[in-house]
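One structure is given below, encoded as structure tokens.
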Amino acid sequence: MPKRIMPLTDIKVQKAKPQDKPVSLFDGCGLYLLVTPSGGKLWRFKYRFGKKEKKLTFGAYPAVSLLDARKKRDDARALVANGIDPGTERKAQKQSSIEETETFEIVAREWHSKFKSKWKESHAERVMGRLEREVFPFLGTTPISRIKAKDILAVLRRVESRGTNELAHRIKAVCGNVFCYAVATGKAERDPTGDLKGALTPVTTINRAAITEPGKTGQLLRAIDAYKGSFVVQCALKFAPLTFVRPGELRHAEWSEIDLEKGEWNIPGSKMKMKEAHLVPLSTQVMAILTALKPLTGAGRYVFPGRTATRPMSENAILVALRTMGYEKTEMSGHGFRAMARTMLDEVLQIRPDLIEHQLAHAVRDPLGRAYNRTKHLPERKQMMQTWADYLDGLKAGAKVIPFKEIGR
């Protein structure tokens with residue numbers, strides 16, 4: 001005959017004292033109170049399901065009263081009687097609750113909020129705009145852990161159907177970043193966008209037009225010297241190949257960032273693509289350009305202002321000037337001065353690639369994995385920039401230019 005268990009009372013539960021070892025006080029029908037040596041009082045329920053003994057936790061006393069614990073026990077026993085494992089049911093409910101707060105939109109906005117400070121404002125707005133227009137209406141309310149590759153492909157197919165396959169590839173990349181973040185934070189098991197390789201129409205890549213041959217570079221530099229348009233634009237055209245910064249960085253250059261005594265231009269991270277401050281050593285040729293320009297624009301904020309001193313030069317100013325000089329869009333672009341420098345510094349002047357990459361403000365890491373430092377290799381980079389400026393002068397003069405002594409090799 002089974003041993004009869006006396007049900008617990010509120011007084012007995014309240015007065016239960018901790019012992020050297022955990023003590024179990026049984027209430028009946030599988031419910032008991034576990035009193036830990038540290039004084040904790042935890043409700044447990046022991047049951048059998050599928051010929052196995054299992055346990056559930058109902059919470060701690062007094063947050064969960066004796067009456068509450070009995071109600072939870074009775075509910076669990078009812079599930080067992082109906083062939084349902086209460087432990088499995090609880091996990092399913094918990095997962096459902098978690099998924100309600102971990103939809104694709106919620107996780108995507110969390111990812112965006114975490115990383116947008118590292119991006120330019122315009123890029124952050126563009127990324128969120130694409131998600132809001134193209135993804136959230138179809139996948140936004142779906143738990144991110146349940147989204148399959150076919151679900152993402154359906155979204156991308158809608159974009160492709162409008163003839164914007166490049167945008168489809170960009171949105172796929174954004175979704176991939178969101179899933180990678182979800183995996184890292186335990187909200188998803190894997191990134192399903194990896195299964196979409198080859199599923200989208202390939203994008204035909206058109207490289208930015210750039211002149212990278214010494215002879216043609218000399219012709220371009222002479223054309224710039226002969227430019228008859230705005231003096232500010234002409235100075236920007238001369239400045240571009242000598243510093244090979246991005247067009248946006250050039251247009252937004254401010255006098256407060258330039259140290260004429262040190263011959264340095266310190267660009268704050270907020271203006272850089274990688275959100276890292278960047279230092280540009282200034283050659284004597286660049287210093288001459290700035291010295292000539294300062295009486296005209298030095299009283300204002302921008303080195304290369306637009307029609308009003310309070311705004312930077314138009315993003316189209318250099319492009320229009322190149323077209324005016326007879327250079328078609330397939331020949332040369334404002335961004336092409338970077339490709340020009342990168343190619344000839346490497347192939348002609350044979351300068352160490354990592355120095356070039358540092359000066360291009362690309363992500364460069366040392367053998368220990370440490371990220372780019374704006375002052376790293378500064379003496380060598382100063383020498384490189386002067387060597388480059390002198391080399392361009394030689395090309396412009398039309399002389400046969402012999403490569404300078406290798407730097408940093």
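Every number in this text was worked out from the coordinates using simple rules, so none of it is lab data. None of the values given here were measured: they were computed from a predicted structure. Cβ atoms come from the backbone with ideal geometry, glycine included; neighbour counts cover every protein chain shown.
Under unit Cβ charges (Lys, Arg +1; Asp, Glu -1), what dipole magnitude, rounded to 20 debye, does the chain have relative to its Cα centre?
Details: 71 positive and 45 negative charges, 388 e Å.
Dipole size: approximately 1860 debye.
If contacts are Cα pairs under 8 angstrom and at least 6 residues apart, what is the relative contact order of the chain in percent?
Values: 504 pairs, mean separation 45.7, N = 409.
Reported as a whole number, the value is 11 percent.
Once the principal axes of the Cα atoms of the range 10-93 are found, what is the range along each, listed largest first in whole angstroms?
Each principal axis gives a Cα extent; for the range 10-93 these are 37, 23, 22 Å.
What Kirkwood radius, in Å to one decimal, follows from the Cα pairs of the range 104-196? Write down the numbers at each step before the final one.
Values: mean 1/r = 0.0757 Å⁻¹.
Taking every pair of different Cα atoms in the range 104-196, averaging 1/r and inverting gives 13.2 Å.
Quick one: Glu110, Glu213, fewest Cβ neighbours within 10 Å first, how do they rank? Please list the in-between numbers first.
On the way: Glu110 16, Glu213 13.
Ordered from fewest to most neighbouring Cβ atoms within 10 Å, Glu110, Glu213 come out as Glu213, Glu110.
Given contacts defined as C-alpha pairs under 8 Å and at least six residues apart, what's the relative contact order of the range 220-336, whole-number percent? Show your work: numbers first, answer last.
Numbers: 139 pairs, mean separation 31.6, N = 117.
The value is 27 percent.
Using a 7 Å offset from the Cα along the Cα-to-Cβ direction at both Thr310 and Val80, what is the distance between the two label points in nm, to one decimal?
Computed distance between label sites Thr310 and Val80 equals 7.7 nm.
Under a Cβ-only charge scheme (Lys and Arg +1, Asp and Glu -1), can you give me the dipole magnitude of the range 104-196 about the Cα centre, in debye to the nearest 20?
Details: 18 positive and 12 negative charges, 13 e Å.
Approximately 60 debye in magnitude.
Determine the calculated [θ] at 222 nm for the chain from helices alone, applying -39500 (n - 2.57) to every DSSP H run no shorter than 4 residues and normalising by the residue count; nearest 500 deg cm²/dmol. Walk me through the numbers on the way to the answer.
Working: 16 runs with 186 residues, N = 409.
That calculation yields -14000 deg cm²/dmol at 222 nm.
Sort Tyr227, Tyr181 so the one with the fewest other Cβ atoms within 10 Å of its own Cβ comes first.
Numbers: Tyr227 17, Tyr181 20.
Neighbour counts put them in this order, fewest first: Tyr227, Tyr181.
Considering the Cα positions of the range 214-397, please state its Rg to one decimal place and its Dmax as a whole number of Å.
Rg, Dmax (Cα atoms, Å): 15.8, 51.
Report the per residue volume, in Å³, of the convex hull enclosing the C-alpha atoms of the range 175-234. Display every interim value, and only then the final one.
Details: hull volume 11.9 nm³, N = 60.
Roughly 198 Å³ of hull volume per residue.
Quick test of the membrane-span-like rule: which DSSP H helices of the chain reach at least 30 Å along their long axis (C-alpha atoms) with mean Kyte hydropathy at least 1.0?
Numbers: long enough: none.
Taking the DSSP H segments of the chain (at least 30 Å long, mean hydropathy at least 1.0), we get none.
Using only alpha carbon pairs under 8 Å that are at least six residues apart, calculate the relative contact order of the range 76-224 and give it in whole percent. Mind showing how you got there, number by number?
Details: 100 pairs, mean separation 30.4, N = 149.
Reported as a whole number, the value is 20 percent.
If you work out Kirkwood radius over Cα pairs in Å from the coordinates, which of (i) 23.0; (ii) 23.9; (iii) 27.4 do you get?
(iii)
How would Ile318, Ile11, Ile224 line up from fewest to most surrounding beta-carbon atoms within 10 angstrom? Let's see the in-between values first.
On the way: Ile318 24, Ile11 8, Ile224 20.
Listed from fewest to most nearby Cβ atoms, that is Ile11, Ile224, Ile318.
Among 113-122, 254-263, 332-341, how do they line up from the highest to the lowest mean number of other beta-carbon atoms within 10 Å? Could the numbers behind the result be given before it?
On the way: 113-122: 12.3, 254-263: 13.8, 332-341: 22.9.
The densest-packed peptide leads the list: 332-341, 254-263, 113-122.
So which of Lys51/Lys72; Lys172/Lys329; Lys275/Lys329; Lys329/Lys382 end up more than 25 Å apart by C-alpha?
Details: Lys51/Lys72 22 Å; Lys172/Lys329 29 Å; Lys275/Lys329 29 Å; Lys329/Lys382 32 Å.
Pairs exceeding the cut-off: Lys172/Lys329; Lys275/Lys329; Lys329/Lys382.
So how much slack lies between Ala60 and Thr36, counting 0.36 nm per residue of separation and subtracting their Cα-Cα distance, in nm? Don't jump to the answer; show the numbers that get you there.
Details: separation 24, 0.36 × 24 = 8.64 nm, distance 1.12 nm.
Stretched out fully, the Ala60 to Thr36 stretch lengthens by 7.5 nm.
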